[in-house]
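The block underneath contains the structure these notes are about, expressed in structure tokens.
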Amino acid sequence: MPLNETPILELRQIVKRFRLPRRRLNRPTRVVHAVNKVNLSINLGETLALVGESGCGKTTLGRCAIRLYQPTEGSVLFRGIDVTETRGIGLHPFRKSVQMVFQDPNSSLNPRMQAASIIEEPMQIHQLGNRAFCRERVAEAMDAVGLSRQFSNRYPHEFSGGERQRIAIARTLVLEPDLIIADEPVSALDVSIQSQVLNLFADLREQRGLALLFITHDLAVVNFIADRVAVMYLGRIVEIANRDVLLREPHHPYSQALRAAVPKPGAGKRQSRKVLVGSSPDPTSPPRGCPFHPLCPKAQTICKEIEPVLESVGGNVNHQAACHFK
Ligand code: SF4
């Protein structure tokens, strides 16, 4: 199916820094540079996977995108309208249209509420329709995620991990969002049920035309769900391309390392999942030049001096990488 190239969400030059508490008096405050000048757009109906190791800034970027975090610099545009500084009632249409699914359904669901009430709660907050209308939409959402309506009165602890994540997804669907930001939505689940939840996302996207920002550390998942892939390292996008191009011919040495870490079918349990040898740079004092140079097997002198910018690879404007060597 050809993709609609109208952006639903645009992130422009997003920067997010966090101040860490001082360890001792008269020591300077340390600042974590979590996201550094990221530009990214998600088109209507598109699934964009944001991939990187833990601590690379992908969750922080997702939270800036949904305005859970206020960006330190930069702009968030929804359907072409800048919502970076919008607050209060003016932000309601955005809050309704852009929803988030978190990594751990155990901590994102209120243990004292029954499943139906958890799913219905966002409709109460947005004051959508009367009780009968809300109840009917809750039942439809439960159908859509494959949960029996008979389980409406159960509490979260009475469900399996996969079912709890389905409740979390149903809770977003009742608002009929245009975009879901899913932050590692399967990484807390058993391998046996990860594919069920991935299938659910794929079906919802197909049936409802949802756009999806799928945040994951696992490049193997990307193959199943994404149209495009953005690879993040130390707060920066280092490569972005269509899924097939990125999985077949990753250009950036970090993307190549991620692909090399994907387990091969039949290779057994002993294969290593470690992406790189060596320790990652400290995000409170990122290295000069290319942020990947301390670990890069292809680093040259220029890499320690000048930071590369995202540029097209081989004349393909849809494939960009931040590396001096094209
Ligand atoms: Fe490696 Fe240099 Fe390319 Fe950075 S710019 S990824 S250090 S080769």
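The values are calculated or read from the model by the stated rules, or taken from the named source; none is laboratory data. Just so we're clear, the structure is a prediction, and the values are computed from it rather than from any experiment. Reconstructed Cβ throughout: ideal geometry from the backbone, glycine too, with neighbour counts over all protein chains shown. The area values use the complete protein model at the heavy-atom level, side chains included, leaving out ligands, DNA and RNA. Shrake-Rupley method; radii C 1.70, N 1.55, O 1.52, S 1.80 Å.
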Of all residues in segment 1-23 being farther than 18 Å from residue 282 by Cβ and modelled with pLDDT under 85, the one that is surrounded by the fewest Cβ atoms within 10 Å (Cβ to Cβ): 2
Within segment 79-97, tally of residues that are buried (at least 16 other Cβ atoms within 10 Å of the Cβ), over 23 Å from residue 17 (Cβ atoms) and hydrophobic (A, V, I, L, M, F, W, C): 1
Restricting the search to segment 1-41, which residues are among the polar types (S, T, N, Q) and in a loop (DSSP other than H, G, I, E, B)? 4, 6, 26, 29
If we keep just the residues of segment 137-157 that are open to solvent by 90 Å² or more (accessible area, probe 1.4 Å) and part of a helix (DSSP H, G or I), which is nearest to residue 199 (Cα to Cα)? 140
Need the failing condition index for residue 90 against (1) closer than 25 Å to residue 35 by Cα; (2) without any contact (Cβ under 8 Å) to a residue 12 or more places away in the chain; (3) out of contact with any helix residue (DSSP H, G or I) (no Cβ under 9 Å at 6 or more places or on another chain); (4) not polar (S, T, N, Q), just the number. (1)
Checking residue 54 against (1) open to solvent by 20 Å² or more (accessible area, probe 1.4 Å); (2) under 16 Å from residue 177 (Cα atoms), which test does it fail? (2)
Where a residue in segment 140-165 is without any contact (Cβ under 8 Å) to a residue 40 or more places away in the chain and its partner, wherever it lies, is of a type outside the set (S, T, N, Q) and open to solvent by 80 Å² or more (accessible area, probe 1.4 Å), with Cβ under 6 Å and at least six apart: 142/149
For segment 313-323, which residues satisfy the criterion of being more than 6 Å from the ligand (Cβ to nearest atom) and in a loop (DSSP other than H, G, I, E, B)? 314, 315, 322
Restricting the search to segment 104-128, which residues are open to solvent by less than 80 Å² (accessible area, probe 1.4 Å), within 24 Å of residue 146 (Cβ to Cβ) and assigned to a loop (DSSP other than H, G, I, E, B)? 104, 109, 110, 113, 114, 128
Within segment 247-275, which residues are modelled with pLDDT of 85 or more and among the charged types (D, E, K, R)? 248, 249, 259
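Restricting attention to segment 279-294, and to residues there that are touching a residue at least 40 places away in the same chain (Cβ under 8 Å) and within 12 Å of the ligand (Cβ to nearest atom), which single residue is surrounded by the fewest Cβ atoms within 10 Å (Cβ to Cβ)?
Of segment 279-294, the ones touching a residue at least 40 places away in the same chain (Cβ under 8 Å) are 280-281, 283-284, 286, 291-292.
Now drop any that are not within 12 Å of the ligand (Cβ to nearest atom), which leaves 281, 291-292.
Working: 281: 16, 291: 25, 292: 25.
Out of the qualifying residues, it is 281.
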Picking from 310, 276, the residue that is free of Cβ contacts under 8 Å to residues at least 40 places away in the same chain, closer than 21 Å to residue 241 by Cβ and within 12 Å of the ligand (Cβ to nearest atom) would be 276
Against the condition of a type in the set (Ser, Thr, Tyr), more than 8 Å from the ligand (Cβ to nearest atom), open to solvent by 60 Å² or more (accessible area, probe 1.4 Å) and over 26 Å from residue 220 (Cβ atoms), how does residue 301 come out, does it pass? yes
